[in-house]
Amino acid sequence: MVPPQLEAAVRERDYLVLPLDTVERKRLVAIAKQMRPEILQPTNFSHLMYQGVLVELRLLALRKLPTLEKPLPPSLAKRTVEASTTWYSLNLAMTPSVAQVAEEMHVSSSTLRRMFSKARKESPVRVFARMRLEASMKLLSETTLKLDEIAAQCGYSCASDFCRAFKTVMKLTPAAWRRNVLSGPGYIRK
């Protein structure tokens with residue numbers, strides 16, 4: 001059986017050329033001499049000898065291949081946090097609670113909080129609030145929707161709650177922020 005790394009390296013060019021140092025070349029010559037009698041007069045052990053030599057040759061080739069750093073698979077916490085933020089963004093208008101998100105992720109609320117703390121170093125409440133704010137900023141800058149429509153799409157109970165939350169973070173009202181963005185450099189009115 002050919003190791004997958006070796007098979008992939010050969011498949012790249014349909015052949016494989018590896019540089020050998022003096023010691024490795026001498027070992028290949030020694031292997032050839034060792035196997036000559038097994039090839040000329042096979043015995044009951046010839047098959048085992050072939051297998052041993054193949055293992056040694058595979059190892060030699062694998063050691064010569066450049067080692068590619070494979071990214072580690074994401075941890076369960078990171079995967080769950082990513083899945084929960086994706087789910088939350090798709091259900092933003094419903095303003096799901098941490099408990100609802102946790103239920104969708106099939107974990108408890110406290111487990112979800114621990115996962116966020118581990119993966120993001122912040123609470124899910126803060127992440128979700130920022131996601132709502134970022135979604136509202138996107139709508140403010142890319143659409144002409146009224147504030148109450150944006151509030152509804154981003155999970156705020158009303159326009160005044162949206163304005164209060166927005167101003168707390170951005171130090172501007174949503175309308176003032178929109179005017180600044182739309183009149184800023186690089187903006188072209190249609």
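The values are calculated or read from the model by the stated rules, or taken from the named source; none is laboratory data. A quick note: this is a predicted structure, and the numbers were derived from the prediction, not measured. FYI the Cβ positions are ideal-geometry reconstructions off the backbone, even for glycines, and counts take in every protein chain you see.
Tabulated values for the structure
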{"item": "Elements of type helices (runs of 4 or more DSSP H) contained in the range 10-109, each with 1 or more residues being within 34 Å of the chain's Cα centre (by Cα)", "result": "46-64, 76-90, 98-104"}
{"item": "Members of the range 1-28 found to be aliphatic (A, V, I, L, M), surrounded by 10 or more Cβ atoms within 10 Å (Cβ to Cβ) and farther than 16 Å from Pro66 by Cβ, listed by number", "result": "Val2, Leu28"}
{"item": "Residues within the range 71-111 that are of a type in the set (Ser, Thr, Tyr), more than 19 Å from Cys154 (Cα to Cα) and surrounded by 14 or more Cβ atoms within 10 Å (Cβ to Cβ), tallied", "result": "3"}
{"item": "The one condition in (1) among the small types (Gly, Ala, Ser); (2) crowded, with 17+ Cβ neighbours inside 10 Å; (3) in a loop (DSSP other than H, G, I, E, B) that Ser136 fails to fulfil", "result": "(3)"}
{"item": "Options Leu40, Leu20, Leu28, Leu48: the member that is over 30 Å from Met105 (Cβ atoms), at pLDDT below 85 and outside the structural domain of Glu104 (by TED's automatic domain parsing)", "result": "Leu48"}
{"item": "Tally of residues being in contact with a Cys (Cβ under 9 Å, 6 or more places away or on another chain) and among the aliphatic types (A, V, I, L, M) across the range 91-130", "result": "2"}
{"item": "Only listed residue being assigned by TED's automatic domain parsing to the domain that holds Ala83 and under 30 Å from the mean Cα position of the chain (by Cα), chosen from Glu149, Glu142", "result": "Glu142"}
